[in-house]
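The structure under discussion appears below in the form of C-alpha cells.
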Ligand code: NI
C-alpha cells in the first residue's frame, strides 16, 4: 500500500483522464492520494475531486508564486473550503526564491497568513521551499508552524536542515528527484532520517521519477520513489511502503 502525499490531479494535463489515472494508481498499490491546491481555483477543484473519489483527500492553499493574490477575502474562502471533511491540510504554501514570481516580502506575508489559518483550524501545513531554506525555517520556528504537524514537500535541502524541520514538527516528503543521478543530497536525507518522519509523493504531473523521466507523471509512479528509498535504506520495498503510508495517515490524521 502506498500513499502519494502530494499530487496535482486537478492539473489540466491529468484532469480529463482521472478515472484511468486512479485505476492505474490502484493497480500499483497507491491506495490514498492527497490532491494539493496551489491557488483558490485549484483548491476548489481539489475538494471536488476528493468528494468524487473515495481514495482522494485534499489540501487547500496558495503557492508562493501566487502570493500576491492572498488577501482577507481569499483567506475566508480557503477557510470555508477547509471545513469540508476530506480537507486534511493547508497548502501548498511557502517560499520560492528560484522563480520569484511574487516579491519576497509578499511571499512571506502570504506564508505567515496560511500558517495562522492552519493553526486556527488545527490542521497540518504543506510547505514548498525552493532556494529559500533559511527564511522558511526561520518563519517556521518563529510562528510555530509545526504545532499541528506538517510536511516539507518535495524536499531538496540538506540533512541538517531536515533534522531541524523534524524538530519543529515536520515530516519530510521525497519525490521523483530522489531517483535522479545527481540527487546525492536527497539520497542522503532518505538514507539517514528517522523512518517515522519520511513520506513519498509524486508532485505529479511534474518530476517524473526514473526510469520514466520525460513522461507525464501520475500517482502510480510514486512506487519508484518508494523503491529507491527502500534501496537507500536497505529495506524491503513493502516495508518502506507500509511505513511511509503509516506516517502519511498520521500527519494527515486519516484512519488507516
Ligand atoms: Ni506541488
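Here, each number is a calculation from the coordinates, and none is a lab measurement. Being a predicted model, the structure only gives us computed values, none of them experimental. Here the Cβ positions follow ideal geometry from the backbone for every residue, glycine too, while neighbour counts run over all protein chains shown.
Taking only C-alpha pairs under 8 Å that are 6+ residues apart, what is the relative contact order of the chain in percent?
Reported as a whole number, the value is 19 percent.
Rank the residues 69, 240, 208 as a footprinting-exposure proxy: fewest other Cβ atoms within 10 Å of their Cβ go first.
The order, fewest Cβ neighbours first, is 69, 208, 240.
Can you figure out the FRET efficiency of residue 212 with residue 120, using R₀ = 51 Å and their beta-carbon distance, to the nearest 0.05?
Once the sixth-power term is evaluated, E becomes 0.80.
What do you get when you divide the Cα radius of gyration of segment 106-236 by 2.2 N^0.38 Å, with N the number of residues?
1.06
Based on the alpha carbon coordinates of segment 2-252, what radius of gyration and maximum Cα-Cα distance (Dmax) apply, in Å?
16.5, 49
Suppose we keep just the alpha-carbon trace of segment 126-185; what are its Rg and Dmax in angstrom?
Every Cα atom of segment 126-185 included, Rg and Dmax give 11.3, 36 Å.
Order by neighbour count: 242, 206, 98, 57, fewest other Cβ atoms within 10 Å first, most last.
Starting with the residue having the fewest Cβ neighbours, the order is 98, 206, 242, 57.
Based solely on its DSSP helices, what 222 nm [θ] is calculated for the chain when runs of n ≥ 4 H residues each add -39,500 (n - 2.57) and the sum is averaged over all residues, nearest 500 deg cm²/dmol?
Calculated at 222 nm, the ellipticity per residue is -13500 deg cm²/dmol.
Two decimals, Cα atoms only, Kirkwood Rh: what is Rg/Rh over segment 1-50?
0.97
At 0.36 nm per residue, minus the direct Cα-Cα distance, what do residue 164 and residue 143 gain on full extension? Give it in nm, one decimal, please.
The residue 164-residue 143 span can extend by a further 6.1 nm.
So for the pair residue 54, residue 134, with labels modelled 7 Å out along Cα→Cβ, what separation do we get in nm?
5.1 nm
Which whole-number percent of Cα pairs in segment 164-256 have a distance greater than 19 Å?
Within segment 164-256, distances greater than 19 Å cover 37 percent of Cα pairs.
Would you kindly state how much longer the chain becomes between residue 80 and residue 106 on full extension, computed as 0.36 nm times their sequence separation minus their alpha carbon distance, in nm to one decimal?
Separation in residues times 0.36 nm, less the Cα-Cα distance, equals 7.1 nm.
Fewest Cβ neighbours within 10 Å first, please rank 120, 84 accordingly.
With the sparsest Cβ surroundings first, the list reads 120, 84.
Compute the length gained on full extension between residue 253 and residue 68: take 0.36 nm times their separation in residues and subtract their Cα-Cα distance, giving the result in nm to one decimal.
63.6 nm
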